[in-house]
Every structure is written in structure tokens, then in C-alpha cells.
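Presented below is the structure to which this report refers.
Just so it is clear, none of the values below were taken in a lab; they were calculated from the coordinates. Worth saying up front: this structure is predicted, and the values here are computed from it rather than measured. Backbone-built Cβ (ideal geometry, glycine too); neighbour counts: all protein chains shown.
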Amino acid sequence: MFKIIVLLIIAYLLGSILNGIWIGKLFFHVDITRHGSKNIGATNTFRLLGPVAGSLVMILDIGKGYLATWLPTLFGIHGWYPLVFGVAAILGHTFSIFYHFKGGKAVATSAGMLMAYNLSFFMIAAVTFIASIFITSMVSLGSMLGFIIIVFSACLIHDNALIILALCLTVFIFYLHRNNIHKILNGSENLTDWGLYYWYLKYVKKSPRVLKHRRR
């Protein structure tokens, strides 16, 4: 039991490392919590600091979720524990001890947990995420749809542990994205500068919203 508690603390601390903040400050001298959407995740990093920094943050955030989920297996602890350790990392990312118990929306960290637990489900979620962004040009919507598809996928193979966790995480992710949901409904959500919806607004509708988006 002592080993499990220590490893859970390590998993939480791994999750608490907010890569967007330290990469922004160390390499760009920019505090991303003061600019853009002020979120510490890969999306805001990508918008503010470019694709290299954004991609690095995404990889590191996925990596810490993956590593935390693998911790019990590495130390000979089996059963349903990997999901618990993954959740510890997700909570660390969302309520970081290094950032006054605040943090990000934990989408990439959750993806890392899913990658370690079931690679096939991770691929399903990733394809859903990318396809949704390509169609809607909205990262937030793609993230939420990715979680929904995992719930349905887990139900199909009757993985009760994953079903319960996926349902809880979906509710949690939707709550963290509540402002994004409001913006989607009123048509003011931030868009990527690619994807069918963005291209439609830019080349067909010639919407001022796209011009405003480009100036941000």
C-alpha cells in the first residue's frame, strides 16, 4: 500500500508539470497565462508561440499521462490501477501544485493515459479529434467529441472500468470547456486557421470573423 501511495503522488506530480508555462518562459520569455485564451495547454501555446512550441507541449503533455499510467505496471502493480494513476496525472494537470492548484483542461494528458491503457482506443479518439477539427476548425469541439467516442467504444467491448472513467472524464472535460461550449453556441469560438469551416468563412462567405481571428 505504501508503494501505491508513493507512486500515486509521483503520478500527480508528473501531471502537475505544466509544460506550456515553462516552455513559454524558458524559451520565449512569454507567460502564456497572460495572453491569448490564457490557457496553459498546447492549443494556446500553438497560437502564441508557433507550431514547434505547441507540438512540443502536446507531446510532453501526452507523455506525462502515458508515463503516469504505466507507473504501476513498471513496478509490478497490476489490475485496474493504471487508470487510477492516469487520473492522478489528469488531476495534477488540472489542479497543479506548482500553479496554485490551477491548470489546464487535461485533454492531451487524458490522451496519454488512453494511449497507455488501450492504443486502439487512443487511435480512434485521435482520428475523431483530427477529423472534427478538419470539419469544424474548432479544437475544443474536437476534444469533446473525442471523449464521447471513447465512451461508446468502451461500451462496445464492455470494458466497465473504462466506461465509468470515460463517462466521468467526459463530464469533467465538458465542464472545463463550458466557456467554449457557450462560444460555440453563440458563434464566437476561436478557430484554427485551417479546416473546412475556416476555409468556408474565408473564401466563400468572406466573413469579418475570420479577419478578426487572423488579427488575434
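Pairwise Cα separations in the chain fall into 5 Å bins from 0 onward with the following percentages, short to long: 1, 7, 14, 19, 19, 16, 11, 7, 3, 1, 1, 0, 0.
Each part gets one Cα centre, and for the range 162-196 versus the range 61-82 those centres are 26 Å apart. Scanning residues 5 or more positions from SER96 or on other chains, those with amide H under 5 Å from its amide H are PHE101, LYS102, GLY103, with H placed 1.01 Å from N in the peptide plane.
Rounded to the nearest 20 debye, the dipole magnitude of the chain is 1040 debye, with +1 charges on Lys and Arg beta carbons, -1 on Asp and Glu beta carbons, and the Cα centre as origin. Computed over the range 1-113, the convex hull of the alpha-carbon atoms projects to a mean area of 6.6 nm². Over 26 Å apart at the Cα level, from the set LYS102/LYS183; LYS183/LYS206; LYS25/LYS206; LYS3/LYS105; LYS64/LYS105, are LYS25/LYS206; LYS3/LYS105.
Our estimate of slack between ASN186 and LYS38, defined as 0.36 nm per intervening residue step minus the Cα-Cα distance, is 51.2 nm. Think of the chain as a dipole: +1 on every Lys or Arg Cβ, -1 on every Asp or Glu Cβ, centred on the Cα centre; then among VAL30, MET58, ALA111, VAL30 lies furthest on the positive end. Against the main long axis of the alpha-carbon atoms of the chain, helix 160-176 sits at an angle near 40°. Counted residue by residue at 0.36 nm each, then reduced by the alpha carbon distance between them, the extension gain from LYS102 to PHE174 reaches 24.2 nm. With a ≥ b ≥ c the root eigenvalues of the C-alpha gyration tensor of the range 136-216, is it rounded (a/c under 1.5), prolate (a/b larger than b/c) or oblate? Prolate is the answer for the range 136-216, as a/c is 1.5 or above and a/b outweighs b/c.
For the listed peptides 115-122, 158-165, 142-149, a ranking on the average number of other beta carbons within 10 Å per residue, highest first, reads 142-149, 115-122, 158-165. Axis angle, to the nearest 10 degrees, between helix 81-94 and the longest C-alpha principal axis of the chain: 40 degrees. Residue order for ARG209, ARG47, fewest other beta carbons within 10 angstrom first, comes to ARG209, ARG47.
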